Every structure is written in C-alpha cells, then in structure tokens.
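Below: one structure, written as structure tokens.
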Amino acid sequence: MIEVKDLYKSFSGESVLDDISVSFEKGKTNLIIGRSGSGKTVLMKCIVGLHEADKGSVFFDGRDFLKMNFKERQNLRREIGMLFQGSALFDSLTVEENVMFPLNMFSDMTPGDKTDRVNFCLKRVNLENENALYPGELSGGMKKRVAIARAIVQNPKYLFCDEPNSGLDPITALLIDDLISEITKEFDITTIVNTHDMNSVMEIGEKVVFIHEGRKCWEGTKEDILNSEDVNLNDFVFASNFAKKIKAMTTDEIRDPENY
Amino acid sequence: MRFLSVFGRYVIFMSRVFSRPEKARIYLKQTILEMESLGFNSVGIVIIISIFIGAVITLQTRYNLENPLLPLYIIGLTARDTMLLEFSSTMVGLILAGKVGSNIASEIGHMRITEQIDALEMMGVNSASYLVLPKIIATMVFNPFLTAISMSVGLFGGWMACIITGALPSADYLYGIQYYFIPFYIVYALIKTVFYAFIITSVSAFQGYNVKGGALEVGRASTRGVVFSSILILMTDVILTQLMLA
C-alpha cells in the first residue's frame, strides 16, 4: 500500500500540487486521471522521488520515502517497477539486454537463470523471439511491452505506469491495459497508472483519483464516475460527443429527441 | 552567485559519481567499452592532426628563422619542445574537448530527455556513477596514450616535412629533436593530459546530465560542455605549468 499525505509541490513559485492526500491499495490497479497539465505526472514523480516534494509524506507500506537518504531510496526503488510515457528503453541495448539490465546490476543469478527469467517476462508480455531486436526496430506497443517486462523482471512490489497508452491505437492500448491489470493481480502488487484515457479508466480502474489543477477533486471506483456530481470530473469524463451521447442514453434524456 | 550555485551542483554531482559502484564488474566492463568509444576511436583524429601540426611547426619555424648564426638543428629542437610541452597535451586536449566532450554531453543529455536516466534511477541504479565514472576512468587512463601517440606522430610529421619540402636537412632535424632532451617534459605533458581528461569528461557529463527540455537544450548543453571544458583546460594549463616548470 502507498499512502500520500499532504503533498505540496511548486515550480518557480507556481503551485503544481496542492495538499494531495490519497492512498493506493495493494493488489489493485489504482488510476490517477486528469487533464493534461493537471499535475498527474508530477504527483507520480513526487511519489517515487524523481521530483522532490516541497512538503508532505509518502509511505510505502509504512516506510516514509521522502525522509530516506539517497542509499535508502535506492534500496526501496529496487522494489519498484516503472513504465515511462516514452518507454525509456536503453537505445544501445537489445530487448533482452534491456530486460536483463536490472538483473545484471542487482542479482547474483547465473547467466542461464537470468536468460530464463528474461524469457519468462517477455513471454508474459507476449513478446517471444524478439530478444535480439533494438528499441529502434520496435513499434510503440512493442516498446511498451518490453518496458513492462523490464519493470516486472525483479518481481516488484509496486508498479508505476505513466500514460501507458499514449500514442497507441485503441486495440493495442486495450492489450496494454489488460496486461497491467493481469500483472497486478498475478503478482499482487500495488499499481498506480497515470492516464487521461477514459477507455483505460472503464477497463481497469479499480480505484480512480481525479486531479484537477493540482488538487485532488474526487476519488472512487470506475462505477461511481458515471454518477458523480463533481462538475470538473463530469467535464473531463464527458468531454467527447461520443461520451455525452453514451451518458444521454443512460439517462431519461434519451427520451428527448432534441438531445440527438 | 550563479557561479557558486553551479559549482555547488557540480561538486554534489561529482560526489555521486565517485560513490561506491553497485557492481564493480559491470563498471569495469563499461570502462573498457568507454575506452574503445572515447579513446581508441579518437586515435585517428589525433594522428591526422598531429602529423600536420608537426609538419607546420617545423616549416614555420624554418621560414621564420632567417638568422644564419643560429644552427639549423634549433628548428628540430623547437618543433620537439612545442609538441612535447604544449601541442600534444593542451592542443590535443582542446580537440578532444570538441570531439569527446560534445559526444558525452549529447549522449547523456539525450538519455536525460528520453527519461532513460530516470529509468536507471527507478531501478535503484546510481545513474551519475553508472554513466560517468567509467567515462572518467577510461579517458584518464587512455588519453595519456593519445598524447604519447601525438608526440611521436607530430615529430614524425615534422621529419616528413623536412624530407618532402627540403626546407631543412633531415640530419639537422633528427639531431635537433634529440638535442638537450629533458625526459621530464614527457611526464609533465602526461600529467597535464590526465587533468584535462578529468575536466573534459566531468564537465561535459555534468552539462548533459542537467539538461532540461528537448533537442535544442541538448545541443546547447553540448556546446556549453565544449566551451567550459576548453576554458578550464587553458586555465589548468597555466596553473600546472607554473607549478611544474617554474
């Protein structure tokens, strides 16, 4: 479980996160949603220490991350897998070398065991027999899957995914969403996903936190979203005409022909 | 104030670079790869530049030395001391600041903007140490060889100029480059090279590591890396010369 308490962050005096308190549950796919520029990525990066929060606390199963020194943070980060928006694969390494990298750095496994583990993770993300390719030879969806394989290769307790579907077609996005959700259940990890893709929210969002202009506006389950009275959340969720029509169809407004 | 702030960040960065590696074997492997990438791949440019500069120094000294009272071997001696004392260490250092420095700054800068450095950090790797320490060790070990190559090839270039142009009898040149030879000059040049290697690598890496933004900022960081390294090389040259030759 990850708990965030009273988190503040500003850049050049401009507040980006304002008093965020939220908890993310183990074994669930927790989603942070919000418009572009609302502070989702900054929140995620503050949680893992890639940005230093101005104030507040972040607890990983009771351990206060922000009070840790450099070495302690390094040790805790070995329990975290992270999927970056642009995948962040190492350009000069092959798929296999990318996934094996954390094992080479931190494990005492034999070369054979490492290869087996890498192959297991690549198989888990449906990327078999692509070990020798370089990131430049992969499609966007394949890169994301390699990045997921790299993120889970060390059996993390926590998985962070920053905009996992950005730049992907709807079918591939669905595959990535399902993969994240399945891995969360399979390995019983605490997963936090940053997204503004409502398909992802409805597909895998077991707990959803809505961030608006740096503040937590709403939290609940995906089922609660459709019935929420929060104006900002409704503006966000039903921004597209398609979503508006879906909502209209689920209410009495459907009877009014002027809504079409 | 800004200078102090940047210098402070540089010191913190270097303290992270020189912290204990996670796995020495991986760092050793990286160091060997960097020796090839940053050192061995620079042998060609060092040879080409040194051979021509050796030739030019010899010819210019010959054409500017019209006094018939001065013996011709002085030209060989001048070429030798210029190559040993200044060119092969400082000039090659400046050339490597351009080639290797921009390479390091742009490589690390690219890794920064594509979140590869963040990915390393998230794995629990000390990214500053992993990316920079092997480069520093590789250049500090390999660059003295480049300097030694530059010295030999430069003197050879001067000799070739004598033979091809006939500006100076070959025997006078060969006598001149052996005349009153002070071995300490080589030690002096190699010590300077080690300092320059550290400056080039650490300053360029620092610039690349702290890039914020996109491709344009990576280009700017690369330019800053080369400019700051070059200035620091020349400042260090003055200090070391005063300390070691005065």
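The table that follows gives values for the structure above.
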{"quantity": "Where A:GLY141 falls short, out of the listed (1) touching a strand residue (DSSP E or B) at 6+ places or on another chain (Cβ under 9 Å); (2) at pLDDT below 90; (3) open to solvent by less than 10 Å² (accessible area, probe 1.4 Å)", "calculated": "(1)"}
{"quantity": "Filtered residues of segment A:175-197 (kept if without any contact (Cβ under 8 Å) to a residue 60 or more places away in the chain and either hydrophobic (A, V, I, L, M, F, W, C) or open to solvent by 70 Å² or more (accessible area, probe 1.4 Å) (or both))", "calculated": "A:LEU175, A:ILE176, A:LEU179, A:GLU182, A:ILE183, A:GLU186, A:PHE187"}
{"quantity": "Pair list, Cβ under 9 Å, 6 or more apart: segment B:1-21 residue under 19 Å from B:VAL211 (Cβ atoms), other residue at pLDDT below 90", "calculated": "B:ARG16/A:PHE70"}
{"quantity": "Unmet requirement for A:ASN199, which otherwise passes all of (1) closer than 16 Å to A:SER38 by Cα; (2) at pLDDT below 90", "calculated": "(1)"}
{"quantity": "Strands (runs of 3 or more DSSP E) completely within segment A:1-87 that count 1 or more residues being among the polar types (S, T, N, Q) and in contact (Cβ under 8 Å) with a residue 24 or more places away in the chain", "calculated": "A:2-11, A:14-24, A:29-33, A:55-60"}
{"quantity": "Residue within segment B:84-99 that is charged (D, E, K, R) and within 14 Å of another protein chain (Cβ to nearest Cβ) present", "calculated": "no"}
{"quantity": "Candidate set from segment A:68-126 (those that are more than 12 Å from chain B (Cβ to nearest Cβ) and β-branched (Val, Ile, Thr)); member that is nearest to B:ALA24 (Cα to Cα)", "calculated": "A:THR110"}
{"quantity": "Residue selected from segment A:93-138 under the condition free of Cβ contacts under 8 Å to residues at least 12 places away in the same chain and not in a helix (DSSP H, G or I), by the criterion surrounded by the most Cβ atoms within 10 Å (Cβ to Cβ)", "calculated": "A:MET109"}
{"quantity": "Those residues of segment B:175-195 which are open to solvent by 60 Å² or more (accessible area, probe 1.4 Å), outside any loop (DSSP other than H, G, I, E, B) and either in contact with a Gly (Cβ under 9 Å, 6 or more places away or on another chain) or of a type in the set (Phe, Trp, Tyr) (or both), in sequence order", "calculated": "B:TYR175, B:GLN178, B:PHE184, B:PHE195"}
{"quantity": "Sole exception among (1) open to solvent by less than 10 Å² (accessible area, probe 1.4 Å); (2) of a type outside the set (Lys, Arg); (3) within 30 Å of B:GLU217 (Cα to Cα); (4) within 26 Å of the chain's Cα centre (by Cα) for B:TYR130, by number", "calculated": "(1)"}
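The values are calculated or read from the model by the stated rules, or taken from the named source; none is laboratory data. Fair warning: this is a prediction, and the values are worked out from it, not measured in the lab. Heads up, the Cβs are rebuilt from the backbone with ideal geometry, glycines too, and the neighbour counts pull from every protein chain shown. Please note that ligands, DNA and RNA were not included when accessible areas were found on the heavy atoms of the full protein model with its side chains. Shrake-Rupley method; radii C 1.70, N 1.55, O 1.52, S 1.80 Å.
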